[in-house]
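In what follows, a single structure is set out as C-alpha cells and then discussed.
Coordinate-derived values only; no laboratory data. From a predicted model like this one, the values you see are computed outputs, not experimental measurements. Quick reminder, even Gly has a Cβ in these numbers, built from the backbone with ideal geometry, and neighbours come from all protein chains shown.
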Amino acid sequence: MALATLALAAHSADLRGQDAAPAVTGWAIGVAVSTPLLADGNGTRVRSGVAPMLAARMELPWPHTGRLRPVAVARGAVGALQLGDRGERWSGGTLWQGDLLVGAAWEGAPLFLIGALGGSMLHASRRVTPLERTRVAPAAEAALRVRIGSQPWVAELTVQGLRLSAPGGSPGGVARFMAGVGRAF
Amino acid sequence: MPTVPAESPAYDPTRLTGGVVYRWALGVAVAIHVDTTGQDALGVDLREAAARGLEAWRPTWRYAELRPRLVASAADADVVIQLADAPPLVQLAGCASGIAGAAGRTVLCAAGDTARTLPLLAPGDPGRVKVAVELDGHAVSGASHAVTLLDALVAHELGHVLGIGGHSPLPTDLMYAAPAVARPSQRDAATLRYVLHQPGGFRLR
C-alpha cells in the first residue's frame, strides 16, 4: 500500500516546560507499513504494503505542568489497497485515511513520547470488505520523536493500532508502523 | 486481524460445465457489448437491461474481483450479448452448445487453461470476445411485463457470464433455469463468491 500521510504538526516553541505556548506545525517524510486488513477463509487477503509517507503533524499544547502535557493529533493519509488470493494480485483502488486522536506527550528533550486514543476514518474508492466504502475504527497509537542536532529536525516512529470488523466475520486488530524524518516550524 | 469465514456454494456452479470451473482473472475489467439489433420490435432496451443486471450483481462480490462495464463496440468487448434472431456478431463454430436455459444461451469454450477467443465475423480484427450470450426475444415479446421478464433473463445470463456454470434448483434464485426474479439472491451471491476464488478450471481472461 502506497501511503502518503499528511498530518499537521504543531510543537510548542518552548519545549522546556513553560506554560501554554503557540502551536507549531511541522512535516515529516518517511515510510509506512501495515499488517493485513482482512483475511477471508476463501483465500483473499486485503492489505497495504510498504509505501513512501509524507506527514505534517499538528499538536496543540495546552497549559501544562512539568514534562507531561495533553496533545491532539490530526493526520490524513492516502494510498492504495492491494488484494491477493493464491498468487493472484489485483488492485482494490485507493484508500483515504483520516486520524483524530487526543493524548499526552512526555518531554525529555531531545526525546518526546506520545500516547493517544481516538478514531480513524477509512474511505475506499471501491467497495472492498472490511472497508466497504467508509468505515470508522477506534485507534490507539504511541510515538517516539527525537530532535536531531541543533536544528528543528526530528525523527519519528509511530505505531498505530486499529480495530476493524467485517459483516459476518470476526473483528480483529490492524497495526500501522510509520517512520520518518521532518522539521518543525 | 479481522477475518471472514470461508463460504460454500448454495448449489453446484459447475453442473452445466461438466464439473469445470471457469472465471475471470481477479480484478480485470470485463468489457460487455450489447447489440441492440432487433430490440425495437420487442419494445425493450437491451442495453438498459444489461446495465440493470450488472448493478444487481455488483453488490455480490466483496473484494473488487470483477469490474464489468458496458462498451459501445464489439471490437473492444470480452462479452457480446444479442438477440438470437439478430445477425451473429461472433463465430461459434467449434464451441459446445453452451449453457442453455429456458430463453437464453451463454457460449464459451475452453482452450487449455484459458478461454478460446470467439472471432468477430466482421472483416478485420478478430477481436477478443470470450463469451457470447444469445437471448430469445420471443420469450418476452408481447408480455405485459416484458421489461421485468427481460431483466430476469439478462441478469440470469450475466450470472453465467460472471462464472456460475450451473442452475439453482430453487425458483426463488435468479439462477433457476427459468428465472422469475431479476436480482440475485443471497444463495446466488454466495455461489458466485465461491466461484471467484476457486483454483483450477480455466480463465476467461
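Considering every residue in A:79-89, what mean count of other chain Cβ atoms within 10 Å of its Cβ is obtained? Display every interim value, and only then the final one.
Working: counts 0, 0, 2, 0, 6, 2, 7, 4, 1, 7, 2.
That average works out to 3.
Which whole number gives the average, over all residues in A:163-170, of C-beta atoms from other chains lying within 10 Å of the residue C-beta? Don't skip to the answer; put the middle values down first.
Numbers: counts 1, 2, 3, 4, 2, 4, 4, 5.
For this peptide, the per-residue mean of nearby foreign Cβ atoms is 3.
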Notebook entry, point to check: Can you put B:Val20, B:Val107 in order, fewest other beta carbons within 10 Å first?
Noted result: B:Val20, B:Val107
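May I ask for the net charge around A:Arg135, where only other residues with Cβ less than 15 Å from the Cβ of A:Arg135 are counted and Lys, Arg are +1 while Asp, Glu are -1?
Details: positive: A:Arg126, A:Arg127, A:Arg133, A:Arg163, A:Arg176, B:Arg62; negative: A:Asp99, A:Glu132.
Computed value for this residue: +4.
Just check the range B:108-169 against the gyration tensor rule for me: Cα atoms, a ≥ b ≥ c as the square roots of the eigenvalues, rounded for a/c under 1.5, and otherwise prolate or oblate depending on whether a/b exceeds b/c.
Working: a/c = 3.76, a/b = 1.58, b/c = 2.38.
Oblate, because a/c is 1.5 or more while a/b does not exceed b/c.
Out of all DSSP beta bridges with both ends in chain B, state the antiparallel percent to the nearest 5.
Numbers: 9 of 26 bridges.
Percent antiparallel among DSSP bridges in chain B is about 35.
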Check: What is the magnitude of the charge dipole of the range B:124-205 about its Cα centre, with +1 placed on the Cβ of each Lys and Arg, -1 on the Cβ of each Asp and Glu, and no other charges, expressed in debye to the nearest 20?
Finding: 400 debye
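Under 1.5 on a/c is rounded, so check that first for chain B, then, if it is not, pick prolate when a/b is larger than b/c and oblate when it is not; a ≥ b ≥ c are the square roots of the alpha carbon gyration tensor eigenvalues.
Note, shape of chain B comes out oblate.
Give the order of A:Ser170, A:Ser91, A:Ser120 when sorted by the count of other beta carbons within 10 angstrom, beginning with the fewest.
On the way: A:Ser170 12, A:Ser91 15, A:Ser120 25.
Listing A:Ser170, A:Ser91, A:Ser120 from fewest to most nearby Cβ atoms yields A:Ser170, A:Ser91, A:Ser120.
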Next item on the list: Obtain the nm distance between the two label points defined at A:Ala104 and B:Arg15 by a simple spin-label model: each point lies 7 Å from its Cα along the Cα-to-C-beta direction.
Entry: 6.5 nm
Check: Between the range B:73-94 and the range A:116-182, what's the alpha-carbon centroid distance in Å?
Finding: 49 Å
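Provide the net charge surrounding A:Thr35, with neighbours chosen by a C-beta distance below 15 Å and charges set as Lys +1, Arg +1, Asp -1, Glu -1.
Details: positive: A:Arg45, A:Arg47, A:Arg163, A:Arg176; negative: A:Glu141.
Net charge around A:Thr35: +3.
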Note to self: Can you sort B:Trp61, A:Trp90 from fewest to most other Cβ atoms within 10 Å of each residue's own Cβ?
What the structure shows: A:Trp90, B:Trp61
